[in-house]
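The values are calculated or read from the model by the stated rules, or taken from the named source; none is laboratory data. If you're wondering where the values come from, they're calculated on a predicted model, not measured in any experiment. With ideal geometry, Cβ positions are generated from the backbone for all residues, glycine too; neighbour counts draw on all protein chains shown. Protein only, heavy atoms only, side chains kept; ligands, DNA and RNA dropped before computing areas. Shrake-Rupley method; radii C 1.70, N 1.55, O 1.52, S 1.80 Å.
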Amino acid sequence: MATSDIDVRRVHGLGPAEARAMAERLLERLGREFGLQGQWAGDVLRFHRPGVQGHLALGPGDLRLQVTLGFLLKAMRGRIEQAIARELDSHFPPPPAAGG
């Protein structure tokens, strides 16, 4: 993959099965908005559409989302980043604070 236009790392408080389910919901939502399609390869959800390719890698308690935009979509980078941030906030809650 070429250099990512969007590169997001997040810590979350979900278990592996929950994180995978949330990643699928995230792709479904962004798929409706941006026409993305994806498939799993292990713990990595790879997605694409014309002009966009990327992946969401799930680790224990964290994730990394990388997206490469085609030339025509680079102008929409801000909107796409906002949509991604909004969806990550709603699908991947942070872990509980230590010492509560």
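Structure above, values below:
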quantity: Carbon/sulfur fraction of accessible area - segment 43-100, other protein chains in place, 1.4 Å, %; calculated: 59 percent
quantity: Mean separation of Cα contacts under 8 Å (6+ apart) over length of the chain, as relative contact order %; calculated: 37 percent
quantity: Among Arg79, Arg64, Arg20, residue whose mean-square fluctuation peaks in a GNM of the chain (springs only between Cα atoms under 10 Å); calculated: Arg79
quantity: Whole-Å semi-axes of segment 27-79's equivalent ellipsoid (Cα gyration tensor); calculated: 20, 12, 10
quantity: Cα-based helix-to-principal-axis angle, 77-91 vs the chain, degrees rounded to 10; calculated: 30 degrees
quantity: Around Val44: net Lys/Arg minus Asp/Glu count, Cβ-Cβ under 14 Å; calculated: 0
quantity: Crossing angle, helix 16-34 versus the chain [Cα axis fit, 0-90 degrees, rounded to tens]; calculated: 30 degrees
quantity: Separation of alpha-carbon centers, segment 59-73 and segment 1-52, rounded to whole Å; calculated: 7 Å
quantity: Solvent-accessible heavy-atom area per residue, rounded to whole Å², over the chain at 1.4 Å; calculated: 60 Å²
quantity: Environment charge of Pro93, counting only residues whose C-beta is closer than 11 Å and scoring Lys/Arg +1, Asp/Glu -1; calculated: -1
quantity: Ratio Rg/Rh, restricted to the chain and using Cα atoms, in which Rh is the Kirkwood radius; calculated: 0.97
quantity: Around Arg10: net Lys/Arg minus Asp/Glu count, Cβ-Cβ under 12 Å; calculated: -2
